[in-house]
Amino acid sequence: MEIDPQLPIPLYFQLKTLLLEEILSGRYDLEKRLPTEHELCHRFEISRTPVTRALTELADEGVVLRHRRRGSFVNPHWLSRRPDQPEIRVIVPAEGPWARMVRDAAGPGNQISVVEVPGHTLHHTLRHAVAEGQAPDVALLDNVWVPEFAAAGFIYALEELNEQWVHDEHEVDFLAPLVRVNRYDGKTFGVSPFADVAGLWYRRDALGALGLDPPLTWADLRLVGRAFADAGVPSPIVMPGGSRAHEATAYFLIAFLASNGVQVLGPEGVMLGSPATAQALRFLRSLVEDGLVPLDVVGYEWNQTIRLLAEGHAALSFGGSYEGEALADALGVPHREVWDHFGFAHVPAGPRGAPASVAGGMMFAVFRQADQPGLAMRLLERVVAPEALARFALSSGRTPSRRSAIELVAPDAPFLSRTAELLETAASRPWLPSYPRVSAQLQAMLEAVLTGRLGPTAAAQRTADMIGAITGRPVVAEPEPVAVAVAAV
């Protein structure tokens, strides 16, 4: 089939049909990239507009997956499957050990299809797959999406699939904060393989060379940042500072606000319109004004801060414990040796608060559109078996979600025990179905303050009003908190 401009059929639709026929004929296997937009324009002698629309519609319909800088590939979940060979379909982020974990747990003789997508597109990919009736059997979600996906009826309560396992293993052996965050309306909707906390990474050698200790307070943070600036460190302190870093920005900001006694949502409503919120934002802006944090952070992608730390361009980096894997890879050392070079601590305390961290992580869930929910649940149980978690914890530097797995790795990985300790007292992100929209508002607030587009008080009040409108909760002012004395940790 060729494209005929004389036909009364739109060019984009002719191209889309032709590509579908080529996909179904097997011309593009799962590893072979489809032609680029430029190649299709040249091949069919048409403009870029119909080519872009054809590929966009194929992606929107779940036929192809588009990867930034890699191109478009056939979605294996879209292809028809043989009914005599039950297959478990899985979607995971491309970043991290997830695909390898799932394949190892599947074992020989089990049919499994794993699709990896960029992490920042995961939420959209899953919602779109559900809308198209092409949801996977199993997927990895950010656990803060549990209320949204559970309330919408997208995922199973695990009690429906294996209540005994939930009662005997999940509720007994898994870390309590993860058991809590994977529950909604009294039921368990997923299981986390690893635990993450937000905090502050620092270079041990850089601090030692200047005779400094890790900062315990905001005042310490400024002093340490100034010392590194005077020593010639290009970017003394870095953080995810805008919408390009997506959830990493909200993750950091919620922890930083908590260090000054601020909750985004409290029992009475939205708590952001408080003096403590404005004070936290004002402090972050002052770090930019003083040259201790580069203004470029508003354009950082989620993994840029930890790269700067690993390369020695930064000495302190706000982020998550999950970034230990990236540090090990950058240094070319085993993950157990990361702790020799870097430390990880609470977010330093503000004048109105105490050192803080926020619990986070990913969880596996089984979708209600699953063709094989029973097989999917058994796969999930194997993925989070203690021995499997311990093995991947040692190879990835991540903290296992199960106490029994932590005991297996503790002698060889002191860092994992440290992050588990931080997790036990960590705060949580707002727990509600509209959280993705709340997160977007928090990202926009920080970006507006750091760039100077809005003052701290105005930004805090505007964001409080927006989150109030999103959640339907009243905006209330927090009472003035009593200053808390900070002890070393």
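For the range 179-246, the Cα-based Rg and Dmax, in that order, read 18.2, 53 Å.
Let me have the relative contact order for the chain, percent, based on Cα pairs under 8 Å that are six or more residues apart.
Numbers: 885 pairs, mean separation 102.4, N = 489.
Answer for the chain is 21 percent.
Remark: the range 212-344 is approximated by an ellipsoid whose semi-axes, taken from the C-alpha gyration tensor as √(5λ), come to 26, 18, 14 Å, largest first.
For Asp104 and Ala458 in one chain, what is 0.36 nm times their gap in residues minus the Cα-Cα distance, to one decimal in nm? Show your work: numbers first, answer last.
On the way: separation 354, 0.36 × 354 = 127.44 nm, distance 5.10 nm.
Result: 122.3 nm gained on full extension.
Residues in the range 346-359 carry Karplus couplings, in order, of 4, 5, x, 6, x, x, 10, x, 9, x, 9, 8, 10, 7 Hz; the curve used is 6.51 cos²θ - 1.76 cosθ + 1.60 with θ = phi - 60°, and Gly or Pro positions show x. Of the listed residues Leu379, Leu295, Leu65, the order by accessible area with a 1.4 Å probe, largest first, is Leu295, Leu65, Leu379.
Remark on Gly266: its backbone amide H falls under 5 Å from those of Met271, a criterion applied only to residues 5 or more positions apart or on other chains, H modelled at 1.01 Å from N.
Considering only protein heavy atoms, what per residue accessible area in square angstrom results for the chain with a 1.4 angstrom probe? Mind dumping the intermediate values first?
Values: 20390 Å² over 489 residues.
Computed with neighbouring chains in place, this is 42 Å² per residue.
Note down, for the range 94-224, the three equivalent ellipsoid semi-axes (square root of 5 times each alpha carbon gyration tensor eigenvalue), biggest first, whole angstrom.
On the way: eigenvalues 257, 76, 58 Å².
For the range 94-224, the ellipsoid semi-axes come out as 36, 19, 17 Å.
Taking the Cα centre of the chain as the origin, how large is its charge dipole in debye, to the nearest 20, when only Lys and Arg (+1) and Asp and Glu (-1) carry charge on their Cβ atoms? The dipole magnitude comes to about 680 debye. DSSP assigns beta bridges within the chain; of those with both partners inside it, close to 65 percent run antiparallel.
Per residue, the convex hull spanned by the Cα atoms of the range 283-377 measures out at 190 cubic angstrom.
One equal scatterer on each Cα of the range 354-429, no solvent, Debye formula: the resulting log10 I(q)/I(0) at q = 0.22, 0.24 Å⁻¹ is -0.99, -1.07.
Computed over the chain, the alpha-carbon pair-distance distribution with 10 angstrom bins reads 4, 18, 27, 25, 17, 7, 2, 0, each value a whole percent.
Using a 1.4 Å probe over the heavy atoms of the protein chains, calculate the carbon and sulfur portion of the accessible area of the range 95-220 as a whole percent. Could you put the intermediate results ahead of the total?
Details: 2240 of 4860 Å².
Accessible surface attributable to carbon and sulfur in the range 95-220 totals 46 percent.
One Cα centroid belongs to the range 234-267, the other to the range 138-182; the line between them spans 26 Å. Of the accessible area of the range 344-430, computed with a 1.4 Å probe over protein heavy atoms only, carbon and sulfur atoms account for 54 percent.
One chain, two ends: Arg33 and Thr17. Fully extended at 0.36 nm per residue, the span grows by 4.0 nm beyond their Cα-Cα distance. Stretched out straight at 0.36 nm per residue, the stretch from Lys187 to Ser404 would grow longer than its current Cα-Cα span by 75.8 nm. Could you tell me the calculated FRET efficiency between Ala176 and Leu24, based on Cβ-Cβ distance and R0 = 35 angstrom, to the nearest 0.05? Taking R0 as 35 Å, the efficiency between Ala176 and Leu24 is 0.10.
The values are calculated or read from the model by the stated rules, or taken from the named source; none is laboratory data. For clarity, every value in this text was computed on a predicted model and none was experimentally measured. Positions of Cβ are generated from backbone atoms using ideal geometry, with glycine treated the same way; all protein chains shown enter the neighbour counts. The protein model used for the area step is the full one, side chains on, heavy atoms only, and it has no ligands, DNA or RNA in it. Shrake-Rupley method; radii C 1.70, N 1.55, O 1.52, S 1.80 Å.
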